[in-house]
Each structure stands twice: as structure tokens, then as C-alpha cells.
Amino acid sequence: NLKLGSGVAPVPKMMAHGIPLAIATDGAASNDNLDLWEELKLTTLLHKGLGHDATLVSPAQTLEAATLGGARALGFDRLGLIREGWLADCVLLDLDMPNTLPAYDVLSTIAYAAGSRNVRMTMSSGRILFRDGEYLTIDAKEAKTMARQAACQLHGGVSGA
């Protein structure tokens, strides 16, 4: 919404009225990246600044919106939390890096300081997809090539696509 100039969702008002919140990425057409960590930080900080209130939209609230809220928005009832019998979708972060030290408050550190460089492992339905910088289930180079080719076709061969 910010890139397109279409405003800012009134997240604090939505939460006050019990409206479910989900944080996700929107795609390159309206955001240019798919970095969920950037969205977490922006959501948490933006509303504090706009509302002139440091208590608005806490790290815990944004993390819940990005996990459980996202799962609920997509209609999943056993996703978004680590619980027995639920789908094992999770991300393992390394918080022992310069950008996240010292981590006095883990939720704040994740919301304000962590980034994609802190991701050490991703798992979907119990299957490890990414670990220590390596994609385990796809050929990343081939996937990038295919994405570039598809973008080129969509844009009619426009240079820079």
C-alpha cells in the first residue's frame, strides 16, 4: 500500500474492533520484495509513529499476525503455532548474529532486528526445505532462470524485467 500510495491500513483500530489481522508479503508488483521480516518491522514501527504511541502494535501482536493470523486468513486450522498434531511449518532463526545482539527481548529482537539473513532453516509440513543457506528441495539456480524467463514473457521481452 505504501509503494502504491494507497494509504495505511488502520491496524490499531482493526485490532481494537476484533478484526483478524494477517501480515504477509504482497509480491513484486506492489512491493518489489517478499521479505516478511521487513513487513514485521514496518508494521510494528509504522503504527507507533503514526499514532504517536509506543504501545501501539506490539512485536507480539505482529508476530501473531504473521503466524497464526496468516494461517487463519488462509483457512488453516492447525497451522501457525507449534502444537502437537498441528502442521510442522516453522522457521529457525539464528539470533547470535551482530544484527540481533544483544537479544534481551526475543520478540522485540525478531520484530525489530531480525532479517532474512538470520534464517537458518525453514520447514513445511515437517519437511526441511532450506538449511544453512542451501535449498534442499529445489535447484535454486534453475528456479531463478525459470522466473526470469517467465517475467520476460509476461513483459514481452522488455529489458530489465
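The values are calculated or read from the model by the stated rules, or taken from the named source; none is laboratory data. Computed from a predicted model, the values in this text were never measured in an experiment. Virtual Cβ from ideal backbone geometry, glycine too; neighbours counted across all protein chains shown.
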Any residue at all in the range 75-88 that is buried (at least 16 other Cβ atoms within 10 Å of the Cβ) and in contact with a strand residue (DSSP E or B) (Cβ under 9 Å, 6 or more places away or on another chain)?
yes
Residues that are of a type in the set (A, V, I, L, M), under 16 Å from Leu56 (Cα atoms) and touching a helix residue (DSSP H, G or I) at 6+ places or on another chain (Cβ under 7 Å), drawn from the range 4-14
Val8, Val11
Could you list, in sequence order, the residues of the range 1-24 that are of a type in the set (Val, Ile, Thr) and surrounded by 14 or more Cβ atoms within 10 Å (Cβ to Cβ)?
Val11, Ile23
Might you let me know whether the range 61-82 holds any residue that is of a type in the set (D, E, K, R) and under 19 Å from Asp26 (Cβ atoms)?
yes
What about Leu42, is it surrounded by 14 or more Cβ atoms within 10 Å (Cβ to Cβ), without any contact (Cβ under 8 Å) to a residue 60 or more places away in the chain, in a loop (DSSP other than H, G, I, E, B) and at negative phi?
no
Exclusive hit being touching a residue at least 24 places away in the same chain (Cβ under 8 Å) and surrounded by 13 or more Cβ atoms within 10 Å (Cβ to Cβ), set Met97, Met121:
Met121
I need a count of the residues in the range 49-73 that are among the charged types (D, E, K, R) and surrounded by fewer than 16 Cβ atoms within 10 Å (Cβ to Cβ).
1
Number of positions in the range 31-77 that are in contact with a helix residue (DSSP H, G or I) (Cβ under 7 Å, 6 or more places away or on another chain), more than 20 Å from Gly7 (Cβ to Cβ) and among the charged types (D, E, K, R)
1
Would you confirm, using the coordinates I've provided, whether Thr137 is over 20 Å from the mean Cα position of the chain (by Cα), part of a loop (DSSP other than H, G, I, E, B) and either within 20 Å of Asp35 (Cα to Cα) or of a type in the set (Val, Ile, Thr) (or both)?
yes
Check on Ser30, in a helix (DSSP H, G or I), at pLDDT below 90 and surrounded by fewer than 16 Cβ atoms within 10 Å (Cβ to Cβ)
yes
